[in-house]
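The values are calculated or read from the model by the stated rules, or taken from the named source; none is laboratory data. In this text, all values refer to a predicted model and were calculated from it rather than measured experimentally. Positions of Cβ are generated from backbone atoms using ideal geometry, with glycine treated the same way; all protein chains shown enter the neighbour counts. Ligands, DNA and RNA are stripped out before the accessible areas are found, and what is left, the full protein with its side chains, is counted by its heavy atoms. Shrake-Rupley method; radii C 1.70, N 1.55, O 1.52, S 1.80 Å.
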Amino acid sequence: MIKKCLFPAAGYGTRFLPATKAMPKEMLPVVNKPLIQYGVEEALDAGLSEISIVTGRGKRALEDHFDISYELENQIKGTDKEKYLVGIRRLLDECSFSYTRQTEMKGLGHAILTGRPLIGDEPFAVVLADDLCVNPEGDGVLTQMVKLYNQFRCSIIAIQEVDPQETNKYGVIAGDMIRDDIFRVTNMVEKPAPEDAPSNLAIIGRYILTPDIFDIIQNTPPGKGGEIQITDALMQQAQNGCVIAYKFKGQRFDCGGAEGYIDATNFCFENYYKTGKAY
Ligand code: G1P
């Protein structure tokens, strides 16, 4: 059973400067809730209650968010404002939170490796909080992926079709189709130019990884951008047939940039806030 979910959250959020100068990008609110809270809720809904966060300098607000604020609780006790904290209290009651710091930014693969002491030797999920994923019709994306993991027992990555001109923003895969929404990965390339992309199937920020990935990352040389890429490490597993790519059901918003962030805000306002499901 998978219990742990790792959130790499040490990045600078440069696409959102100056908002992210002194505030973690994971704390940007989508309507009334910070991005990372949506991710933790998605993890808990999938049964992953051990939350591990890789933080960095200037990210202390993340730890404060997942803690009790006695002064605030005291102020609003017995008032109708208590309802605003119901959701976050549920997370505090049902999840555990552990943190480690990434002192140097050497890429997503390196960030995941930094989380190794928090994860140990068991399969785990990874959520990139600035990819906000929703599926109002049914299971959350991580829940869908955990079900697949239980079937295949190997690393699972979430993919979606993107505009072929945009492959240079993503890890891109090629694979053998097992079902119309499931592929056994045969090739993966980090941020290829459109003419070099093996397909238009892009990796989005949800992964389930088997723990052998840590040793593989340790032996993965820097790749695209001089960074240690999880895509390159996963390619090693894929060579042994051990990576499944899954076209998830639902929608994903790229909240690392203004356009996706605004779309996510509109979506959450209509579907959660206005309908009273925002807390
Ligand atoms: C990372 C991964 C990339 C993936 C993307 C999804 O890139 O390296 O393979 O497609 O997340 O959001 P980043 O967006 O951090 O540059």
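Axis angle, to the nearest 10 degrees, between helix 35-45 and the longest C-alpha principal axis of the chain: 80 degrees.
Over every Cα atom in the stretch 114-248, the radius of gyration and the widest Cα-Cα span, Dmax, amount to 14.2, 41 Å. Using the Cα gyration tensor of the stretch 4-53, with a ≥ b ≥ c the square roots of its eigenvalues, what is the shape: rounded (a/c below 1.5), prolate (a/b larger than b/c) or oblate (neither)? It comes out oblate by the Cα gyration axes.
Give the shape of the chain as rounded, prolate or oblate, defined through the alpha-carbon gyration tensor: a ≥ b ≥ c are the square roots of its eigenvalues, a/c under 1.5 means rounded, and otherwise the shape is prolate if a/b is larger than b/c and oblate if not. It is prolate, given that a/c is not under 1.5 and a/b is the larger ratio. Placing unit charges on the Cβ atoms of the charged side chains and taking the dipole of the stretch 39-117 about its Cα centre, the candidate lying farthest along the positive direction among Gln75, Ser98, Leu44 is Ser98.
Can you give the % of DSSP beta bridges in the chain that are antiparallel, to the nearest 5? The partial results should precede the final answer.
Values: 28 of 47 bridges.
Taking every DSSP beta bridge with both residues in the chain, the antiparallel ones total about 60 percent.
In a DSSP loop and with at most 13 other Cβ atoms within 10 Å, the GluC sites (Glu not before Pro) in the stretch 52-124 are Glu104. What do you get for the angle between helix 258-268 and the principal long axis of the chain? Use alpha-carbon atoms, 0 to 90 degrees, nearest ten. The angle comes out at about 60 degrees. Placing unit charges on each Cβ (+1 for Lys and Arg, -1 for Asp and Glu) gives the stretch 105-150 a dipole about its Cα centre, and among Leu128, Gly115, Gly140 the Cα reaching farthest toward its positive end belongs to Gly115. Relative contact order, whole percent, for the chain stands at 23, derived from Cα pairs under 8 Å and 6 or more residues apart.
Once the gyration tensor of the Cα atoms in the stretch 38-104 is diagonalised, the equivalent ellipsoid follows with semi-axes of 24, 16, 8 Å, ordered largest first.
For the stretch 145-213, applying the loop criterion from DSSP together with a ceiling of 15 other beta carbons within 10 Å to the trypsin sites (Lys or Arg not before Pro) yields Arg153.
Mind scanning Lys106/Lys169; Lys3/Lys274; Lys169/Lys249; Lys21/Lys169; Lys83/Lys247; Lys4/Lys33 and naming the pairs with a C-alpha gap bigger than 28 Å? Each step should come with its number before you reach the end.
Details: Lys106/Lys169 18 Å; Lys3/Lys274 32 Å; Lys169/Lys249 21 Å; Lys21/Lys169 23 Å; Lys83/Lys247 36 Å; Lys4/Lys33 22 Å.
Listed pairs above 28 Å: Lys3/Lys274; Lys83/Lys247.
In terms of accessible area, using a 1.4 Å probe and ignoring ligands and nucleic acids, Asp93, Asp130 rank largest first as Asp93, Asp130. Label sites at Lys169 and Gln151, each approximated as a point 7 angstrom past Cα along Cα to Cβ, lie 2.9 nm apart. Could you tell me what percent of the accessible area of the stretch 219-279 is made up of carbon and sulfur, with a 1.4 Å probe and every protein chain present? Carbon plus sulfur share of accessible area: 49 percent. Classify the stretch 1-132 from the C-alpha gyration tensor, please: rounded if a/c falls under 1.5, else prolate or oblate depending on whether a/b exceeds b/c. The shape class here is oblate.
Quick one: accessible area per residue over the stretch 190-279, 1.4 Å probe, rounded to a whole number of Å²? Provide the component values of the computation, followed by the final result.
On the way: 4100 Å² over 90 residues.
Using a 1.4 Å probe on heavy atoms only, each residue of the stretch 190-279 averages 46 Å².
Given Cβ point charges of +1 (Lys, Arg) and -1 (Asp, Glu) and nothing else, what value in debye, to the nearest 20, does the dipole of the stretch 126-239 about its Cα centre take?
Numbers: 8 positive and 17 negative charges, 67 e Å.
Magnitude of the dipole: close to 320 debye.
Applying a 4.7 Å Cβ-Cβ cutoff to the chain, the cysteines left without a disulfide-compatible partner are Cys5, Cys95, Cys133, Cys255, Cys268. Atom-type composition of the exposed protein surface of the stretch 1-115 places 50 percent of the accessible area on carbon and sulfur (1.4 angstrom probe).
In square angstrom, what is the accessible area per residue of the stretch 29-88 with a 1.4 angstrom probe? Intermediate values should be presented prior to the final figure.
Values: 3090 Å² over 60 residues.
So the stretch 29-88 comes to 52 Å² accessible per residue, rounded to a whole number.
The figure for Asp212 is an accessible area of roughly 80 square angstrom, using a 1.4 Å probe on the protein chains alone. Solvent-accessible area of Lys83, all protein chains in place: 100 Å² (probe radius 1.4 Å, heavy atoms, ligands and nucleic acids excluded). Where does helix 230-239 land angle-wise versus the long Cα axis of the chain, in degrees 0 to 90, nearest 10? Once rounded, the angle reads 50 degrees.
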